[in-house]
Amino acid sequence: MTLENIKLDVDFVRSQFPAFKDPLSKDWSFFENAGGSYVPQNVINKLTEFMVSTKVQPYAEYPMSKIAGNNMDKATKTFANMINAKENEIIIGGSTSINLYVLSNALKKFINPGDEIIVTNQDHEANISPWRKLEKIGAKIVEWKFNTKSHELEISELKKLLNRKSKILAVTHCSNIVGSINNLKLISDIAHENNVIVIGDGVSYAPHGFPDVKELDVDFYTFSLYKTYGPHLALLYGKEEILKNLPNQNHEFLEGKYPYTINPGGPNHEELVSLIGIYEYFDNLYNHHYKNENLSIVNKLKKINDLISKHEEFIANPILDYLSNRDDIFLIGQKNIINKNRAPTISFISRKKSSKVVSEILVNNKIATRNDNFYAWRCLKHLGIDTEDGVVRLSMTHYNNSVDTSNVINALKKI
Ligand SMILES: Cc1ncc(COP(=O)(O)O)c(C=O)c1O
C-alpha cells in the first residue's frame, strides 16, 4: 500500500474507545457527536492516574503536588503545540460559552459608542449573545446573514458590512446545524484589512481536525474539549499581542499575568491533565498509520486530519445522498462532502412528521440522536424552522463506521 492510499483503520480507532465495548452503549450507532464525543482509554487513564496519585493542591514541593502541577502545565503546553500556538496564548476554561463571555467583557475596553460588532445568524448562541450584549455599552450590532437558498455565509455580504467603525467579527468556522466549513483564513484576511478583531468558533470544526491557528490567522479561536474526545472543558486561543493588552478579569494581584487574566477560576485540574490523553490517542493513531516518520505534532495532526476527512466523506456521503434525494426531506447545507467543504454534521426536517417523532423513531432503532435547535435558534428561525421542534441532527465523527451508515439509512427508511 502506498502512503497516499492509506485509509483510516476504523477498527483500530474504535478499539481505543471503551464505549464501543460497554454493555450500555455498544449496540448503539452513535450520531450525537456534535453534542459531545466518546473518550479514548488514554483520557480515562490520565484522569484516573491524577485522581489516584496526585489529587492534591498542585505546585508545592512534595512529589504528589509537584507531579500534579507539572502535568497540568504539560497538558496546556501539549494543546498549544497541537494547534500551533504558544503556551501563553492558551486558556483552558469551563466551556466555550464561559470563555467567550469572559473574553467579551475584556474586549469592552476597545469598544466606543457607535463602534460596530458583526455577528452571524449561522452561529451557536455562545458566539452571538456575549457580543450582542455589548449593545449595552453603545456598540451597534450588525448581523451577517446567511443565504437562505445556499445556507452559506457569503463573503460578498461580509464585505458590504465592513467599514471603519467595525471593530469585532464573531463567526463560526463550521455551523453546528449547516455543517459547511467557512473559509476562516479568507474571512480573517478581509476583516484584518479593516482592522477588525476576529473571533472564530471552532467547536463544530475541531472534532474533525485540530486547526493550525497561525495558518488561520484568527485573533481568537475557541473549541469545546468535550467534543474533541476529552472532558468538559474548553480551549480559547488568543494572539499574544492582543491578550497581553486585555484588562484583567481575574484576581487583582494577577494583573498583567496573561493568559490567567482571561481565565478566572481556572480549569478543573483533573480534567486538564486528562487532556494529555487526547494527544496520546492522536499520537497512537499517527504511529499506527505512519511508522518511522519524524514530524512535528502539527504536521502529524495534518496527516491524520486528511485520513479522518476521507473517512468521514466515505461514511457521511451515503446518508447525505439518501436525504437529499427525498422530496419529503428538507436537508440543510451542502448535499455532499468533497474536499472538506463540510463536516459530517447533517441536519434535516421531515415535511410530513415532526422532528420529535422522527428522532423517536431513530432512537427506537438504536440510533443515538435527538431533535433540537442546538442553541442555533437564529439559524433555524432564518430557515423558517420551528425552534421548539428543531431539526434532527445526525452528527458523525471518525469513529463512526459504515455499519453506522447502513443502520441509520435503514432506520430512516422506516420513517
Ligand atoms: C458551534 C458551537 N459553538 C459553541 C458551543 C458552546 O460550547 P460549550 O458547551 O462548551 O459552551 C456549542 C455547543 O454545542 C457549539 O455547538
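No lab work stands behind these numbers, since they all come straight from the coordinates. Remember, it's a predicted structure, so these values are computed and weren't measured experimentally. Using ideal geometry, Cβ is built from the backbone for each residue, glycine included, and neighbour counts are taken over all protein chains shown.
What is the sum of charges around K46, taking Lys and Arg as +1, Asp and Glu as -1, for the other residues whose C-beta is under 15 Å from the C-beta of K46? Write out the running numbers ahead of the final one.
On the way: positive: K55, K74, K77; negative: E49, D73, E270, E271, E280, D283.
Cβ neighbours under 15 Å give a net charge of -3.
Given Cα pairs under 8 Å that are at least 6 residues apart, what percent is the relative contact order of the chain? Numbers along the way, then the final one.
Numbers: 794 pairs, mean separation 93.4, N = 415.
The value is 23 percent.
Could you give the spread of the C-alpha atoms of the range 282-415 along their three principal axes, from largest to smallest, in whole angstroms?
That works out to 54, 31, 22 Å along the principal axes.
Which order, highest average first, do 288-295, 67-74 follow once you tally other Cβ atoms within 10 Å for each residue and take the mean per peptide? Kindly include the intermediate steps, with their values, before the conclusion.
Details: 288-295: 11.2, 67-74: 18.0.
In decreasing order of mean packing, 288-295, 67-74 become 67-74, 288-295.
Can you spot the lysines whose alpha carbon is less than 17 Å from K413's alpha carbon? Ignore those fewer than 8 places along the same chain.
K352, K353, K356, K366
What area, in nm² and to one decimal, does the C-alpha convex hull of the range 120-185 cast on average over all directions? Each step should come with its number before you reach the end.
Values: hull surface 18.8 nm².
Computed as one quarter of the Cα hull surface, the answer is 4.7 nm².
Only helical DSSP H runs with n ≥ 4 go in: add -39500 (n - 2.57) per run for the chain, normalise by residue count and round the 222 nm mean residue ellipticity to 500 deg cm²/dmol. Write down the numbers at each step before the final one.
On the way: 14 runs with 157 residues, N = 415.
Rounded to the nearest 500, the figure is -11500 deg cm²/dmol.
Output the relative contact order of the range 173-220, whole-number percent, from Cα pairs under 8 angstrom with separation of 6+ residues. Let's see the in-between values first.
On the way: 49 pairs, mean separation 21.8, N = 48.
Computed over the range 173-220, the figure is 45 percent.
In what sequence do K159, K167 fall when counting other Cβ within 10 Å, fewest first?
Working: K159 11, K167 20.
Placing the least packed residue first, the sequence is K159, K167.
Show which aspartates and glutamates lie in cross-link reach of K291 when reach means a straight Cα distance below 13 angstrom and same-chain residues fewer than eight apart are skipped.
K291 reaches D283.
Near S104, within a Cβ-to-Cβ distance under 14 Å, what is the net charge of the other residues, with Lys and Arg +1 and Asp and Glu -1?
Taking every other residue near S104 into account, the sum is 0.
Quickly work out the S65-to-E360 label distance, labels modelled 7 Å from Cα along the C-beta direction, and quote it in nm with one decimal.
5.7
Distances longer than 39 Å among the Cα atoms of the chain: what percent of all pairs is that?
Working: 16087 of 85905 pairs.
I get 19 percent for the Cα pairs in the chain exceeding 39 Å.
Taking 0.36 nm per intervening residue step and subtracting the Cα-Cα distance, what contour gain separates K86 from F110 on full extension? Present the calculation step by step, with values, prior to reporting the outcome.
On the way: separation 24, 0.36 × 24 = 8.64 nm, distance 2.36 nm.
Full extension of this stretch gives 6.3 nm more.
Would you order D386, D219 from fewest to most other beta-carbon atoms within 10 Å of each residue's own beta-carbon?
Details: D386 13, D219 23.
Ascending number of Cβ neighbours within 10 Å: D386, D219.
Output the antiparallel fraction of DSSP beta bridges having both residues in the chain, as a percent to the nearest 5.
On the way: 21 of 41 bridges.
If we restrict to bridges inside the chain, about 50 percent are antiparallel.
Over the range 47-276, one equal point on each Cα, no solvent: what is log10 I(q)/I(0) by the Debye formula at q = 0.15 Å⁻¹?
-0.97
Using a 10 Å cut-off on Cβ atoms, rank the peptides 145-153, 398-406 from the highest mean neighbour count down. Intermediate values should be presented prior to the final figure.
Working: 145-153: 15.3, 398-406: 19.3.
Per-residue Cβ counts within 10 Å, averaged per peptide and sorted highest first, yield 398-406, 145-153.
Which order do the peptides 56-65, 230-239 take when ranked by the mean count of other beta-carbon atoms within 10 Å per residue, highest first? Before the final figure, lay out the partial values.
Numbers: 56-65: 12.1, 230-239: 23.8.
Descending mean neighbour count gives 230-239, 56-65.
Hey, got the Cα dimensions of the range 183-267 along the principal axes, in Å, largest first?
Extents along the principal axes, in whole Å: 40, 36, 14.
Could you tally the net charge around N248, taking each other residue with its Cβ under 10 Å from the Cβ of N248, Lys/Arg +1 and Asp/Glu -1? Kindly include the intermediate steps, with their values, before the conclusion.
On the way: positive: K257; negative: E252, E255.
Around N248, the surrounding residues sum to -1.
Neighbouring Cβ atoms within 10 Å as the yardstick, rank F79, F31 fewest first. Kindly include the intermediate steps, with their values, before the conclusion.
Values: F79 25, F31 28.
Placing the least packed residue first, the sequence is F79, F31.
Of Q57, S15, S104, whose Cα points farthest to the positive end of the dipole of the chain (charges on the beta-carbon: +1 Lys, Arg; -1 Asp, Glu; origin at the Cα centre)?
Farthest towards the positive end: S104.
Each label point is 7 Å from the Cα along the Cα-to-Cβ direction; what then is the distance between the points at N410 and K149, in nm?
Label at N410, label at K149, 4.0 nm between them.
Using only alpha carbon pairs under 8 Å that are at least six residues apart, calculate the relative contact order of the range 47-276 and give it in whole percent. Numbers along the way, then the final one.
Working: 435 pairs, mean separation 57.4, N = 230.
This gives 25 percent for the range 47-276.
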